[in-house]
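Notes follow the structure.
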Amino acid sequence: MKTFLIVFAVLLISNYAHAQQLPARWDELTADDFPAALQKSSRTCILPIGILEKHGLHAPIGTDLIHVREWAAHAVTQEYAVVFPDYFYGQINEARHQPGTFSLPNKLILELLEATCDEIARNGFEKIILLNGHGGNPEFLEFFMQGLLNKRRSYAVYLYRPENDSAFVKTYNQMHRSDLSTDLHGGESESSIILHYRPDLMHMERATADNGENQHRSSLPDLYTPIWWYSSFPNHYAGDASKTNAKLGKLITDHEIAQFVKALKAVKADSKTIELQKEFYGAVDKVK
Ligand SMILES: [Zn+2]
C-alpha cells in the first residue's frame, strides 16, 4: 500500500510538472512565465507570417497561416523559442478579386511589421526570425529587411529563406504526381501539407471544381507587370489539387521542420549579427 501511494504521488507530481512545461506561444505564456521564456529562448522570437487568400475551392483561405503556425509549433518542440501569435498582414494584392482576401496597403504592412518587431524587442527579445509561408511575401519581406538599417536597433531580424537539398528534392519529385512546373498555388504540394496537418479543413470533393491551368493571356518577354499572375491564373489557383496526398504533406513538413530547427539553433547561437549592426550604426553616426 505504501509503495502504491509513493508511486501514485510520483506520477501525480510528474504529470503536474509536465502539464506546467513552459508554453512556446507568446499568447499562452503567463506574465510570470515571460522572464523564463526569454531566458529559455535565448531571447529569440519566431514570427510566423501567413496570409488570407483563396486556395482553390478545396483548401482553407488560411492555408499559408495554418502551415506556418504548425511549422513553428513543431519546430519549437525540438528547439525552444517563443512563437508570436497569428500574423497575416503581408502582400496579397493579386488576389483582391477573390472572396476572403485580406489585403492591406503596402505602406501599412511595412509600418505594421516594423512596429511589431520594435514591440517584440521592447519585450526583451534580441532576435526575431521571420518564418514566411506565403509565396507573395518574399519581395515585401526582403525590402523590409533592407530597410531595417534605416535606424539604430538593439535587435536583429533574420528572414528564413531555405534552400532545398538535392536528396529531399529527389524524393519529393518521385512522390509528386502532378506537373511540377505549374504546381504554384493551392495545388498538390500546398494542399498535401494541409491534408497532413488539418484534414478536417479540406474538401477534396471540390479538388477538380476549379481550373488551375495557365491561361497564357499575356506574354511580354523581359518585362514584369503587376497583372502577370492574374493574366495566367485568373482563378488565383495554379496546379492540380486532385493529386493531393497526405504522405507528400508529411514528407514536406518533416523536412522543413528539421531544416528550420537547424536555422533556429544557428540564430540562438549567433552573436555576430548584432555586433556587426552596432559597428555599422557607429560608422553611420560618423558620417557628417
Ligand atoms: Zn499558399
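The values are calculated or read from the model by the stated rules, or taken from the named source; none is laboratory data. A quick note: this is a predicted structure, and the numbers were derived from the prediction, not measured. Please note: Cβ atoms are built from the backbone with ideal geometry, for glycine as well, and neighbour counts cover all protein chains shown. All accessible areas refer to the heavy atoms of the entire protein, side chains included, with ligands and DNA or RNA removed. Shrake-Rupley method; radii C 1.70, N 1.55, O 1.52, S 1.80 Å.
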Legend entry - Whole-Hz ³J(HN,Hα) from phi, Karplus 6.51 cos²θ - 1.76 cosθ + 1.60, for region 161-173, glycine and proline x: 10, x, 9, 7, 7, 4, 4, 5, 4, 5, 5, 4, 5
Legend entry - Computed magnitude of the charge dipole of region 20-126 (debye, nearest 20; Cβ of K, R +1, Cβ of D, E -1): 180
Legend entry - Residue of Val169, Val68, Val83 that the Gaussian network model of the chain assigns the largest fluctuation, springs spanning Cα pairs under 10 Å: Val169
Inset, instruction - Keeping all protein chains in position, work out how much accessible area Asp200 exposes to a 1.4 Å probe, and write it in Å² to the nearest 10. - result: 100
Inset, instruction - Would you mind calculating the gained length between Asn214 and Gln39 on full extension (0.36 nm times residue separation, minus the Cα-Cα distance), in nm to one decimal? - result: 58.0 nm
Inset, instruction - Hey, can you grab everything whose amide H is under 5 Å from the amide H of Tyr158? Only 5+ residues off in sequence or another chain; H modelled, so Pro and N-termini drop out. - result: Ile128, Ile129, Leu130
Inset, instruction - Leaving out ligands and nucleic acids, note down the accessible area per residue over region 94-168 with a 1.4 angstrom probe, in whole Å². - result: 53
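With a 1.4 Å probe and all protein chains in place, put Leu5, Leu148, Leu22 in order of accessible area, largest first.
On the way: Leu5 90, Leu148 15, Leu22 40 Å².
Ranked from most to least accessible, the order is Leu5, Leu22, Leu148.
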Legend entry - Gap separating the Cα centres of region 186-256 and region 104-182, nearest whole Å: 20
Legend entry - Set of lysines near Lys265 by C-alpha distance (under 20 Å), chain-local residues within fewer than 8 positions excluded: Lys40, Lys127
Legend entry - Gain in span if fully extended, Ala246 to Val10, counting 0.36 nm per residue against the direct Cα distance: 81.0 nm
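Tell me the mean residue ellipticity at 222 nm calculated for the chain from its helices only (DSSP H runs of n ≥ 4, each -39500 (n - 2.57), averaged over every residue, nearest 500).
Only helices count here, giving -14500 deg cm²/dmol.
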Inset, instruction - Divide the volume of the convex hull of the Cα atoms of the chain by its number of residues and quote the answer in cubic angstrom per residue. - result: 191
Inset, instruction - Go through region 214-223 residue by residue and turn each phi into a ³J(HN,Hα) via Karplus (6.51, -1.76, 1.60, θ = phi - 60°); whole Hz please, and just put x for glycine and proline. - result: 5, 8, 6, 8, 8, 9, 10, x, 6, 10
Legend entry - Point-charge dipole on Cβ atoms (K/R +1, D/E -1) for the chain, about Cα centre, debye to 20: 740
Inset, instruction - Express in Å², to the nearest 10, the accessible area of Ser154 obtained by rolling a 1.4 Å probe over the protein heavy atoms while all chains stay in place. - result: 90
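Take His216, His58, His255 and sort them by solvent-accessible surface of the protein heavy atoms, 1.4 Å probe, largest at the top.
These residues rank, largest area first, as His216, His255, His58.
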Inset, instruction - Could you work out which residue, out of Thr244, Thr273, Thr253, moves most in a Gaussian network model of the chain, that is, has the largest mean-square fluctuation with Cα springs under 10 Å? - result: Thr273
Inset, instruction - Search the structure for amide H atoms under 5 Å from the amide H of Arg25, placed 1.01 Å from N in the peptide plane, and list their residues when 5 or more places away or on another chain. - result: Val83
Inset, instruction - Rank Phe140, Phe233, His185 by how far each Cα sits towards the positive end of the charge dipole of the chain (+1 on Lys, Arg Cβ; -1 on Asp, Glu Cβ) and give me just the farthest. - result: Phe140
